[in-house]
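> Can you keep this structure in mind? I'll have questions shortly.
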2 protein chains.
Amino acid sequence: MRYELYYWPQIQGRGEFVRLAFEEAGADYTDVARTPGGEDKMIRLMQENGAKTPPFAPPFLKAGKLLIAQTANILLYLGERLALAPKPQAGRLWVHQLQLTVADLVVEVHDTHHPIASGLYYEDQKAEAARRAEDFREQRAPKYFAYFERVLSSSGGPYLTGRRATYADLSLFQVVAGIGYAFPQLSKRLAKRHPNISRLQSRVAERPRIAAYLNSERRIPFKETGIFRAYHELDG
Amino acid sequence: MRYELYYWPQIQGRGEFVRLAFEEAGADYTDVARTPGGEDKMIRLMQENGAKTPPFAPPFLKAGKLLIAQTANILLYLGERLALAPKPQAGRLWVHQLQLTVADLVVEVHDTHHPIASGLYYEDQKAEAARRAEDFREQRAPKYFAYFERVLSSSGGPYLTGRRATYADLSLFQVVAGIGYAFPQLSKRLAKRHPNISRLQSRVAERPRIAAYLNSERRIPFKETGIFRAYHELDG
């Protein structure tokens, strides 16, 4: 089956978590909004009144007759099909739990530059962003990193569930890489204290299909319209 | 099987979404942290180094040998076991998608009073809260309500998937009720424009087990330490 991913074509955003899963699995997928006319098609699909399972927002996935939205939900579905999650229920739930925790971290990173309104410019909420980013650097990021470090340490590594990479590993890689781009100073401090997370970053980046993807034109660069933004003043 | 729910005993919070599912199903569950010594037990469980699937934060669930965290993940598991979700994959994914969208709305409501840091008092972020709440009233809440109204309208109602209540209906009920408590003026305006959501509220509240629960001492009241806070100045 050819999967159709629908996501904003200019940014990594939340779509990137799905792209990484497809790339790792070598899956047959189209990143529809990056094809000619695709972005209009995505917007039409979102507004279509007949849709049985309409998305609130991109990303969403067409897989045969299924239309699935919400990043973690898409990965729950793909995890099973692309062998990026354990088959037994306990393992599936655990990987999904980890993914939802990554998703919470993603919201918190996003809100460092948009604490007031996603519809306003960063320039219109810079003072608030400075305060929120400080809390992120001092409280929130260390808490999440300590958690994932602990999980990696007790799994035996190099991955969150042990020796096999799951979609949650790819997602953790992505958010940690994004924090590395947005908060280079913070990231250096965190990397020192969390050797298992640093090892996960290398291991994921070295996986042959991920390495090929990261070097390809399919990988959209980090940029200041995405979730992870290199605003020097927020890095403390 | 007797389920054990672990959540902060003083507030509805995110645990309430799980409590509502248990109550609707008439399930055999213990709200552990509300029993003598239970809160300490919860904290010990979170810090336990041997846990294979440690929670990042409450709520979490013990179900036999499983330890499951993340509200939406707990409901994904319980939905199947308590007959609060369709059995076929397409229906299960759709209900989970709806639940994750409710969860996004819950974060946005919470952040109206805590836009800067959940570790600071409201009083330390009142100015920022006023700005964020304005955006919530004008942009975000209307967008979510329009979405759920559309889903209810195309399902034929009274529930999100049609004639049977799922855990996503209980969760939507809870967040809409919470917004009613926190933002009474906003809620009146929203209710007028979204008759299907209003109908859902009544239908859920009238379900016999939910009605009994809401009238019982098991239902913790809304209060200003929870997600939904009646701060008059944020209601515009």
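> For segment A:158-236, just say rounded, prolate or oblate: build the C-alpha gyration tensor, square-root its eigenvalues into a ≥ b ≥ c, call rounded for a/c under 1.5, and beyond that prolate if a/b exceeds b/c, oblate if not.
Oblate, since a/c reaches 1.5 and b/c is not below a/b.
> Compute the signed sum of charges (Lys and Arg +1, Asp and Glu -1) over the other residues within less than 12 Å, Cβ to Cβ, of residue B:103.
-2
> Sticking with this one: Under a Cβ-only charge scheme (Lys and Arg +1, Asp and Glu -1), can you give me the dipole magnitude of segment A:3-81 about the Cα centre, in debye to the nearest 20? Don't skip to the end; give the middle numbers.
Details: 9 positive and 10 negative charges, 55 e Å.
About 260 debye.
> From the Cα gyration tensor of chain B, with a ≥ b ≥ c the square roots of its eigenvalues, which class applies: rounded if a/c is under 1.5, or else prolate if a/b is larger than b/c, or else oblate?
Note, shape of chain B comes out oblate.
> Something else about it: Based on alpha-carbon centroids, what's the gap between segment B:61-91 and segment B:93-140 in Å, whole number please?
Centre-to-centre (Cα) distance: 25 Å.
> In nm to one decimal, list the spacings between the residue B:219 label point and its equivalents in the other copies, with label points set 7 Å along Cα to Cβ, shortest first.
Its label point is 5.3 nm from the equivalent points in the other copies.
> Moving to a separate point now. Let me check I've understood the local charge: for residue A:46, count other residues with C-beta under 15 angstrom from its C-beta, Lys and Arg +1, Asp and Glu -1. What total comes out?
Working: positive: A:14, A:41, A:44, A:52, A:62, B:143, B:150; negative: A:4, A:39, A:40, A:48.
Once positives and negatives cancel, what remains is +3.
> List the distances, in nm and shortest first, from the label point of residue B:208 to the matching label points in every other copy, placing each point 7 Å from Cα along the Cα-to-Cβ direction.
Listed shortest first, these distances are 6.2 nm.
> Next up: Given charges of +1 on the Cβ of Lys and Arg and -1 on the Cβ of Asp and Glu, with all other atoms neutral, how large is the dipole of segment A:93-145 about its Cα centre, in debye to the nearest 20?
Computed charge dipole of segment A:93-145: roughly 160 debye.
> If we count other beta carbons within 10 Å of each Cβ, what is the order of B:164, B:131, fewest first? Please report the intermediate quantities before stating the final value.
Values: B:164 14, B:131 18.
Sorted ascending by nearby Cβ count, the order is B:164, B:131.
> Indicate the gyration tensor shape class of segment A:3-81 (rounded, prolate or oblate), computed on the Cα atoms with a ≥ b ≥ c the square roots of the eigenvalues: a/c under 1.5 is rounded; otherwise a/b larger than b/c is prolate and the rest oblate.
oblate
> Can you find, among B:144, B:125, B:1, the residue farthest towards the positive end of the dipole of chain B? Put +1 on the C-beta of Lys and Arg, -1 on that of Asp and Glu.
Value: B:1.
> In debye, nearest 20, what is the charge dipole magnitude of segment A:89-207 about its Cα centre with +1 on Lys and Arg Cβ and -1 on Asp and Glu Cβ, if you could check?
680 debye
> Further question: Could you give the longest part of chain A that holds none of the GluC sites (Glu not before Pro) found in DSSP loops with at most 16 neighbouring Cβ atoms within 10 Å?
A:49-216
> Need the list of aspartates and glutamates near residue A:126 for cross-linking: C-alpha distance under 15 angstrom, and skip anything on the same chain fewer than eight residues off.
Result set, ordered by chain and number: A:111, A:134, A:135, A:224, A:233, A:235, B:128.
> Right, another one. Would you mind ranking A:192, B:143 so that the residue whose beta carbon has the fewest other beta carbons within 10 Å leads the list?
With the sparsest Cβ surroundings first, the list reads A:192, B:143.
> Each residue of segment B:106-121 in turn: what ³J(HN,Hα) in whole Hz from Karplus with 6.51, -1.76, 1.60 and θ = phi - 60°, glycine and Pro shown as x?
4, 4, 5, 5, 4, 6, 5, 9, 9, x, 9, 6, 5, x, 9, 6
> Now for a different question. What does the charge add up to near residue B:196, with Lys and Arg as +1, Asp and Glu as -1, over the other residues with Cβ less than 15 Å from its Cβ? Kindly include the intermediate steps, with their values, before the conclusion.
Working: positive: B:150, B:163, B:192, B:193, B:199, B:203; negative: B:149, B:169.
Charge balance near residue B:196 sits at +4.
> A further question follows. Return B:136, A:22 ranked ascending by Cβ neighbour count within 10 Å, so the fewest neighbours appear first.
A:22, B:136
> Okay, moving on. How far is residue B:189 from itself in the other copies, in nm, if each label sits 7 Å out from Cα along the Cα-Cβ line, shortest first?
Listed shortest first, these distances are 4.1 nm.
> Which percent, nearest 5, of DSSP beta bridges in the protein assembly as shown are antiparallel? Intermediate results must be reported in sequence, preceding the final value.
Working: 16 of 22 bridges.
So the antiparallel bridges in the protein assembly as shown amount to around 75 percent.
> Additional query: Please report, to one decimal in angstroms, the Kirkwood hydrodynamic radius of the protein assembly as shown built from all distinct Cα-Cα pairs.
Working: mean 1/r = 0.0438 Å⁻¹.
Answer for the protein assembly as shown: a Kirkwood hydrodynamic radius of 22.8 Å.
> How much mean residue ellipticity at 222 nm does chain A get from its helices, if each DSSP H run of length 4 or more adds -39500 (n - 2.57) and you divide by all residues, to the nearest 500 deg cm²/dmol?
Working: 10 runs with 127 residues, N = 236.
Roughly -17000 deg cm²/dmol at 222 nm, from the helical runs in chain A.
We did not get these values from a lab; they are worked out from the coordinates using the rules stated. Please read these numbers as outputs of a predicted model, since none were measured by experiment. No Cβ is skipped: glycine too gets one built from the backbone with ideal geometry, and neighbour counts run over all protein chains shown.
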